[in-house]
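Single-structure report; data block below.
The values are calculated or read from the model by the stated rules, or taken from the named source; none is laboratory data. All of these numbers come straight from a predicted model, not from anything done at the bench. Don't worry about glycine lacking a Cβ; one is built from the backbone with ideal geometry, like all the others, and counts go over all protein chains shown. Keep in mind that these areas ignore ligands, DNA and RNA; they rest on the heavy atoms of the full protein, side chains included. Shrake-Rupley method; radii C 1.70, N 1.55, O 1.52, S 1.80 Å.
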Amino acid sequence: MALLRGQNLGCVKQDRTLFEMVNFSIEPSQLLYVRGQNGAGKTSLLRILVGLSDPAAGHVEYKHQDIHTVSEQYFQDLVYFGHKLGLSLNLNAIENLQFWCQLNQVNCTETELFELLAELGLVGLEDVPVSQLSAGQQRRVALARLWLKTDAKLWILDEPFTALDVQGIALLRNKMIQHLSEGGAIIITSHQTLDVDYPTSELLLEYRI
Amino acid sequence: MWKWLHPYAKSESTYRLCQTLLPWFSISAAITLISGLILGLMFAPADYQQGDSFRIIYIHVPSAITSMSAYAAMAVAALIGLVWQIRTAYMAMIAIAPVGAMMTFIALFTGAAWGKPMWGTWWVWDARLTSELVLLFLYLGVISLYKSFDDKIQAGKAAGVMSLVGVINLPIIHYSVEWWNTLHQGATISKFDKPSIAPEMFWPLMVNLLAAVLLIGAITLKRLQNELLRREIHRPWAVKTLLKEGKS
Amino acid sequence: MTASLLAVFKRDLALAFRQRAELLQPMMFFVLVISLFPLGVGPGPEILQKIGPGVIWVAAILSSLLGMERLFRDDFQDGTLEQIMLSGASMPLVCVVKVAVHWLASIVPLILLSPLLGLFLNLTLEMYWALLATLLVGTPLLSLVGAVAVGLTVGLQKGGVLLALLLLPVFVPLLIFATAAVEAASLQISYSAHLGLIGAMLLFALALAPMAIAYALKVSQS
């Protein structure tokens with residue numbers, strides 16, 4: 001059964017057609033790698049898939065229903081990691097994650113958050129305002145969402161490896177494989193070669209003039 | 001019910017529709033405008049109080065009335081765009097906006113020019129003039145919001161929301177300004193105090209009103225055509241149209 | 001649902017508290033503008049009393065415009081807004097909560113300052129009470145309608161002046177009714193009708209604006 005399906009998707013930005021007639025579907029335990037040059041519309045596609053922007057044509061279905069009609073369930077099963085991290089710079093890591101958990105009705109105690117941040121290599125930085133963390137550390141805080149929302153069925157990740165160091169990349173890669181083996185699905189874009197030990201299907205967006 | 005609207009969501013058919021309507025609008029606008037002005041400026045009798053200076057009514061009143069209706073038309077286009085997600089509706093909206101702003105400006109200018117002989121000063125905070133001034137600001141807000149976005153689809157939606165906010169506010173603004181004016185009763189005499197206007201003055205006014213409506217229609221149609229071509233310049237139909245019209 | 005709204009409420013309050021220096025700026029602007037008027041038109045108590053209500057309201061509108069941009073700017077830029085939209089929380093309600101926090105954090109201090117300004121501009125006690133009442137009913141309207149325009153311009157780099165251009169004409173009726181109420185109070189006439197009109201506009205805005213704000217934010221996202 002297809003978890004997420006895009007049908008005849010088209011996207012127009014500033015009167016330029018980025019892509020049209022894009023079809024794909026993804027099933028549980030599947031990893032979909034969206035490839036394409038800069039400006040081919042990868043980010044735009046992911047934003048359409050999560051429903052942040054509307055496609056110029058076509059529609060997106062979650063479990064065979066339009067994402068706008070089942071948005072409540074879709075958002076419950078989804079983790080989106082975009083270009084913007086979604087962290088308030090004036091709050092610290094714990095406050096940011098606590099806010100996100102409350103927003104998404106994820107139950108998580110403060111001790112669990114401390115343990116998770118330690119696992120992500122952020123010991124001692126828990127109560128520092130996020131603005132004072134390095135780019136890689138900020139990304140780690142944002143990526144903690146993947147650990148927090150344990151019942152998520154679909155991850156949509158836009159360039160998750162950017163600014164991460166070798167350990168960070170390994171950490172994320174292992175987490176991705178674990179998620180896939182537990183029946184989750186992932187849609188990802190990445191400029192690094194996607195060096196994940198897992199069967200991958202690809203969606204190529206061609207750059208159009 | 002709205003099935004008939006859908007063909008015009010396609011840019012090319014909208015362009016063709018404009019092409020068909022445009023001559024009718026422009027020719028009848030020219031006829032009514034010229035005849036209305038001749039009737040008003042030469043044949044209508046002079047006012048017993050204001051003499052010939054009252055004749056500015058033949059420009060002032062049609063432009064003032066149509067400036068408000070143009071705003072309403074713009075808001076209707078915005079509503080159609082927002083509800084039915086029709087791209088061409090936003091283009092129609094932004095095609096009307098500057099024309100309406102121009103009408104508002106004409107109304108303000110002629111109002112001020114009329115004020116000089118009547119009140120002895122160019123500007124009086126008369127209720128109607130003040131409403132027109134606020135209306136001009138509302139138009140300018142919508143236009144500059146539209147211009148600020150690079151993505152014109154986004155721009156259309158944003159300007160559409162703003163014009164709806166404006167159209168909801170317009171009656172409130174109108175009545176509040178009118179009320180404010182009576183509150184601060186100054187030296188103003190309302191221009192329309194007279195209970196009735198002589199028929200030989202009235203009919204030229206109606207012809208001019210019709211002329212203003214047709215003129216707005218004609219300019220808007222042409223602007224809409226230009227907007228369609230500019231936005232779809234990469235599409236085959238636009239290229240073909242441009243080439244064909246360039247030859248003839 | 002209520003849990004996530006509460007979370008937004010608490011977070012926004014915390015953030016406002018941490019940025020209190022930024023919140024102070026519109027307030028100082030408010031006081032400064034008003035103290036410029038006696039310098040400009042002369043210190044005669046009668047003329048100050050005559051222009052007082054209008055001056056205070058114009059200054060309140062301008063200074064609230066200054067602080068308005070803060071409403072969604074940071075959340076838009078750092079992506080928090082995206083995460084809120086994807087949490088399934090009802091966006092119109094979230095917008096109401098955010099506007100409410102913004103009102104508490106940046107407008108209420110302004111209202112608390114108003115006795116001082118009443119003193120500056122030589123308002124009588126009746127006029128002051130009327131001013132306070134119009135500020136209490138009128139400023140939430142300011143914030144609600146303002147939030148629509150902020151939502152529309154949040155994605156633009158050059159939002160500031162545009163925001164004023166969009167909003168000032170829309171605030172004309174509020175300015176008229178509010179200053180008329182204070183004027184009525186100075187003549188010792190009942191001003192409940194004026195307040196009622198402002199209240200009606202507030203209820204009307206409360207019904208429509210949240211949807212418009214949510215839609216505006218969605219447009220800015222795409």
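Structure summary
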quantity	calculated
Shielded residues, the stretch C:121-160 - accessible-area loss of 20 Å² or more between chain alone and all protein chains, probe 1.4 Å	C:Val148, C:Leu152, C:Leu156, C:Lys158
Between helix A:166-181 and chain A: long-axis angle, C-alpha atoms, 0 to 90°, nearest 10	60
1.4 Å probe accessible area per residue over the stretch A:1-152, in Å²	42
Chain B - mean residue ellipticity at 222 nm from DSSP helices (-39,500 (n - 2.57) per run, n ≥ 4, rounded to 500)	-27000 deg cm²/dmol
Computed accessible area, B:Phe137, all protein chains, 1.4 angstrom probe, square angstrom	90
B:Trp122 accessible area, 1.4 Å probe, all protein chains in place, Å² to nearest 10	150
Shielding score for B:130-141, defined as the mean number of other chain Cβ atoms within 10 Å	3
Within 10 Å of each Cβ in C:161-172, the average number of Cβ atoms from other chains	6
Where A:Lys63, B:Lys244, A:Lys175 fall by accessible area, highest first, once all protein chains stay in place (1.4 Å)	B:Lys244, A:Lys63, A:Lys175
Gyration tensor (alpha-carbon) shape descriptor, the protein assembly as shown, a/c threshold 1.5	oblate
At R0 = 22 Å, FRET efficiency that the Cβ-Cβ distance of C:Glu126 and C:Arg20 yields, to 0.05	0.05
Total accessible area lost when C and B pair, probe 1.4 Å, Å² to nearest 100	2200
Area buried, chain A against chain C - accessible surface, total, 1.4 angstrom probe, square angstrom	2400
Vicinal HN-Hα couplings computed from phi for the stretch B:200-208 (Karplus, 6.51 cos²θ - 1.76 cosθ + 1.60; Hz; Gly/Pro x)	6, 8, 6, 5, x, 4, 5, 4, 5
For A:Leu18, residues with placed amide H under 5 Å, excluding near neighbours	A:Cys11, A:Val12, A:Lys13
With every protein chain in place, the protein assembly as shown: carbon and sulfur % of accessible area (1.4 Å)	65
Per residue, in Å², the accessible surface of chain C once ligands and nucleic acids are set aside, probe 1.4 Å	39
Residue-wise HN-Hα coupling along the stretch B:163-179, computed from phi with Karplus coefficients 6.51, -1.76, 1.60 (Hz; x: Gly, Pro)	6, 5, 4, x, 6, 5, 7, 3, x, 4, 4, 4, 6, 5, 5, 4, 5
Chain B - charge dipole about Cα centre, Lys and Arg +1 at Cβ, Asp and Glu -1, debye rounded to 20	1060
Mean ellipticity per residue at 222 nm, deg cm²/dmol - from DSSP H runs of n ≥ 4 across chain C, formula -39500 (n - 2.57)	-28000 deg cm²/dmol
In degrees, nearest ten, helix B:87-119 long axis to first principal axis of chain B (Cα)	20
Crossing angle, helix A:110-119 versus chain A [Cα axis fit, 0-90 degrees, rounded to tens]	70
Among A:Leu97, A:Leu154, A:Gln37 - extreme Cα towards positive end, dipole of chain A, charges at beta-carbon	A:Gln37
Residue-averaged beta-carbon neighbours from other chains (10 angstrom radius) around B:164-171	4
Occluded residues from the stretch A:92-134, i.e. those whose accessible area drops by 40 Å² or more once the chain is not alone (1.4 Å probe)	A:Phe99, A:Gln102, A:Leu103, A:Gln105
Base-10 log of normalised Debye intensity for the stretch C:124-222 (one unit scatterer per alpha-carbon) at q = 0.11, 0.19, 0.23, 0.25 Å⁻¹	-0.39, -0.87, -1.08, -1.20
